[in-house]
1. Give me F80, F24 ranked fewest to most by other Cβ atoms within 10 Å of their Cβ, as a rough exposure proxy.
2. With contacts defined as alpha carbon pairs under 8 Å and 6 or more residues apart, what's the relative contact order of the range 79-144 in percent?
3. Give me the number: length gained by fully extending Q9 to D104, i.e. 0.36 nm times residue separation minus the C-alpha to C-alpha distance, one decimal in nm.
4. Can you run phi through the Karplus equation (6.51, -1.76, 1.60; θ = phi - 60°) for the range 98-110 and list ³J(HN,Hα) in whole Hz, with x for Gly and Pro?
5. Ranking E22, E108 by Cβ neighbours within 10 Å, fewest first, what do you get?
6. In what sequence do I38, I137 fall when counting other Cβ within 10 Å, fewest first?
7. Restricting to Cα atoms and excluding each atom paired with itself, what does the Kirkwood estimate give for the chain in Å?
8. Please compute the length gained on full extension between L21 and Y70, using 0.36 nm multiplied by the number of residues separating them and subtracting their Cα-Cα distance.
Amino acid sequence: MKTRIKIDQVELAGYKAVLGLEKFIESTPLKRTHKDLIKIRASQINGCAFCIDMHTKEARKAGETEQRIYALNAWRDTLFFSEEERAILALTEEITLISNHVSDETYELAANLLDETYLAQVILSIITINVWNRIGIATALLPG
């Protein structure tokens, strides 16, 4: 397998627009743990090997445990994640699998646990990693 088109070289303005959204997310007060969980879980669902590799390394460097990273795809069946993290993970899954829509139950749970600004930032973070996953998969970015 080899990497396909290099969007950052061919269409720099479009790439910079996506990068601008990423920079915005990084500037928000979203907890590092929340950002990492969102990025890893969405990337697992989408099957983006490049992003899984990158974001699990970043999460480890930021102090995330191996146990939680390994259990992330089965988060519902563990006690490793807080109520707030569970709400964010549920929202991440439903936004990533958007054809099933975001249920009122999932949205209301997140809205009850997070203030409005934080919820907006979580949603934008989920959307942003999904854009990166699609770039990574469409262009066959290789982890490493």
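1. Lowest count first: F24, F80.
2. Working: 30 pairs, mean separation 20.8, N = 66.
Relative contact order of the range 79-144: 31 percent.
3. Working: separation 95, 0.36 × 95 = 34.20 nm, distance 4.09 nm.
The span from Q9 to D104 would gain 30.1 nm if fully extended.
4. Per-residue couplings from phi come out as 4, 4, 8, 6, 9, 5, 4, 4, 5, 4, 5, 4, 5 Hz.
5. E108, E22
6. Working: I38 28, I137 16.
The fewest-first ordering by Cβ neighbours comes to I137, I38.
7. Working: mean 1/r = 0.0637 Å⁻¹.
Evaluated over the chain, this radius sits at 15.7 Å.
8. Residue separation times 0.36 nm, minus the Cα-Cα distance, leaves 14.8 nm.
FYI, it's all coordinate maths here, none of it is from the lab. Computed from a predicted model, the values in this text were never measured in an experiment. Heads up, the Cβs are rebuilt from the backbone with ideal geometry, glycines too, and the neighbour counts pull from every protein chain shown.
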